[in-house]
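This report refers to the structure that appears directly beneath it.
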Amino acid sequence: MGIIYIGDRATGKTHLAMELANPKSHYVKVCHPDYEYLKALLYDDSVGETRATDAEKEVDARHLDIQVKLPTGFKQVTVDCIDTPGEIWRKTWQVDNPGKWKNFLETVRKSEGILLILPPYRELLNQGVNTEEFMTQQQWSNRFNRWVEFFRQDCPKARHIVVCINKADLFCEINQEALKLAYNPNGAQFNWHQRNSYVLQKYFSSIQAQLEQINKSISGLSVRCFITTIYNRSLLELPWIYLGAFLAK
Amino acid sequence: MSNIRVIGPRGSGKTTYLAALAYWPDKRRLGKKAHHFTIQALNNETRELAEKAENIIREGGSLEPTTVAGGIDSLPFYSFRIEVKNLLTIVEMNLAIRDYPGEIFEELESGTKNHLTEEFIDECLMKDVKGCLILLTEWKKGTDKFYSRVLKRFTDLIDSHDRGNDLRIAVAMSKCERGELWPGRLAPEIDLFDVHLPETKAILTAKINPKNLRFYAISTFGVLQRNDPRPNRVDEWGTDGRNSVLRKPSVWQPYGMISPLYWLSTGKRMRDDA
């Protein structure tokens, strides 16, 4: 069983995967591998950020043993967490590396869960953030059309698609949002339906029609939307708790 | 052990129905009607399904669709012991239930021979299967025709498998918490099937021995309260807009879940299943 992280370059996929293993956890605990081991492997202390995922390897698979605390208790989720280099979404890379692109598509098709990590768009950002590094809402929305095409054409049997706008610390008051959205197995403010509706309306409204297109084209699927950041554990864990409820043994 | 199959189109709520049934033991403390019956999950698959009800349905999510991908052998058997307390007696039923992917129901329409569909139908109509619960859910224009074509084909298959005389068929309108259906739940044959699915009913009554056919109304989510009949569900986007999730888990009280199983298993009518 696999869960795959996909997204453009520098959206923070690797960092999200690495921070999930941080032992300061709430309801999602990565039992293996160890956080320090992952950090040594993925993090570059000299520049203070994760190393870019190697585009020579179209998929970077890591076996994770995860425990998720659900209402019925701790459940084991054993997944192959697959990180992908952002470069592979460039048409030129796909043309230059047809074999690797084919391998990647096969991996995606076998995956039970797909986590699409999006960057925030410019209009969403808090004051003081350097907006030049981010796409405008129009560009962001246009780029999402290509994700729609990808899901519809290449993932017709996807079981779970989770779309996250990452780096929530750059565009909202993360502690306040976490208070609303946080999960609690003993009863939370919102359930999954309410969390999705809230996030969808507040952050994803410009691509709502495209998300519906994905839903309609894949039988039985419900795309779920989240905001994530490595700086708030509740928000970081939410997509995994959601997937864990389906994939837990 | 009574063998029962649950069939119906995609999104008709087959697995959710079974999950609610499996989860019932935890909820029985809440309902004042609970003394009429008790339900016990007998095997691991059923206990896992009960956990899904708690971890997913109660948390405002919807279960994944059952798929044909792994073939008939990959489908779980859910096993229940249900005790129904009548005035002076207790009737105990042990049930082995399997629900089939909606595609199987829908592919019957084409009538074309397909190895996978045949495998499911052969298993569904084996001699040791006591009955089928057919869940139907829509009534929009054209659906009655579609259901009647599929069920005409299904009744032909019942005959060709020599099950015409000894297979009970319980046909239920599912998701009856919907406002258009809820008032019709007390007399489903007249107020739901005659009104919304007349052609389907006509085919079934013409082709199936009356002693082997009954009509039911089922609501897995129920309504908010006896005097507040708003559906205990919220519709959300999904394929064809068919997804719905539980609205208030604290007042979750399904309706009509046991009656069809009781009749399929015993051939007798159950007194009260509200």
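Here chain A has an Rg and Dmax of 17.1, 51 Å, counting Cα atoms alone. With θ taken as phi - 60° and the Karplus curve 6.51 cos²θ - 1.76 cosθ + 1.60 applied, the whole-hertz 3J(HN,Hα) list for region A:96-109 is 6, 10, x, x, 5, 4, 5, 4, 4, 4, 5, 5, 4, 5 Hz, x standing for glycine and proline.
According to the square roots a ≥ b ≥ c of the eigenvalues of the Cα gyration tensor, what is the shape class of the protein assembly as shown, taking rounded for a/c under 1.5, prolate for a/b larger than b/c otherwise, and oblate for the remainder? Note, shape of the protein assembly as shown comes out prolate. Interface residues of region A:187-202, defined as a loss of at least 40 Å² in heavy-atom accessible area between the chain alone and the complex of all protein chains with a 1.4 Å probe, are A:Asn191, A:Trp192, A:His193.
Beta bridges per DSSP, both residues in the protein assembly as shown: antiparallel share near 45 percent. For region A:3-19, backbone phi angles converted through the Karplus equation (6.51, -1.76, 1.60; θ = phi - 60°) give residue-by-residue couplings of 10, 10, 8, 10, x, 5, 5, 6, 8, x, 4, 5, 5, 4, 5, 5, 5 Hz, Gly and Pro being listed as x.
Residues whose amide H lies under 5 Å from that of A:Val129, counting only those 5 or more places away or on a different chain, are absent; hydrogens are built 1.01 Å from N in the peptide plane.
Among DSSP bridges having both ends in chain A, what percentage is antiparallel? Round to the nearest 5. In chain A, approximately 45 percent of DSSP beta bridges are antiparallel ones. With a 10 Å cut-off around each Cβ of A:214-225, the average count of Cβ atoms from other chains is 5. Structural descriptor for chain B: relative contact order 21 percent, calculated from alpha carbon pairs under 8 angstrom and at least 6 residues apart.
Could you name every residue in region B:37-52 that has 40 Å² or more less accessible surface in the full protein assembly than in its own chain alone (probe 1.4 Å, ligands and nucleic acids excluded)? Buried by the other chains: B:Glu51. Just check region A:1-137 against the gyration tensor rule for me: Cα atoms, a ≥ b ≥ c as the square roots of the eigenvalues, rounded for a/c under 1.5, and otherwise prolate or oblate depending on whether a/b exceeds b/c. It is oblate, given that a/c is not under 1.5 and a/b is not larger than b/c. Over what distance in Å are the Cα centres of region A:188-249 and region A:116-148 separated? Between the Cα centre of region A:188-249 and that of region A:116-148, the gap is 18 Å. For chain B, the square roots of the Cα gyration tensor eigenvalues, ordered a ≥ b ≥ c, give a/c below 1.5, which places it in the rounded category.
The H on the amide N of A:Leu118, modeled in the peptide plane, is under 5 Å from the matching H of A:Cys164, A:Ile165, A:Asn166, each at least 5 residues off or on a different chain. Of the three principal axes defined by the Cα atoms of region A:146-249, the extents in descending order read 37, 34, 21 Å. When only alpha carbons are used to place a centre, region B:193-209 and region A:68-115 end up 48 Å from one another. Between A and B, buried accessible area from a 1.4 angstrom probe totals roughly 2200 Å², ignoring ligands, DNA and RNA. Evaluate the Debye formula for region A:157-205 with equal point scatterers sitting on the alpha carbons, no solvent, and hand back log10 of I(q)/I(0) at q = 0.16, 0.23, 0.25 Å⁻¹, in q order, two decimals. Here log10 of I(q) over I(0) equals -0.53, -0.99, -1.10.
With protein chains left intact and a 1.4 Å probe, residues in region A:173-213 average 47 Å² of accessible area per residue.
The values are calculated or read from the model by the stated rules, or taken from the named source; none is laboratory data. Here the structure is a predicted model, which means the values were calculated and not measured. Note that we place each Cβ from the backbone using ideal geometry, even for glycine, and neighbour counts take in every protein chain shown. Areas reflect the complete protein model, heavy atoms only, side chains present, ligands, DNA and RNA absent. Shrake-Rupley method; radii C 1.70, N 1.55, O 1.52, S 1.80 Å.
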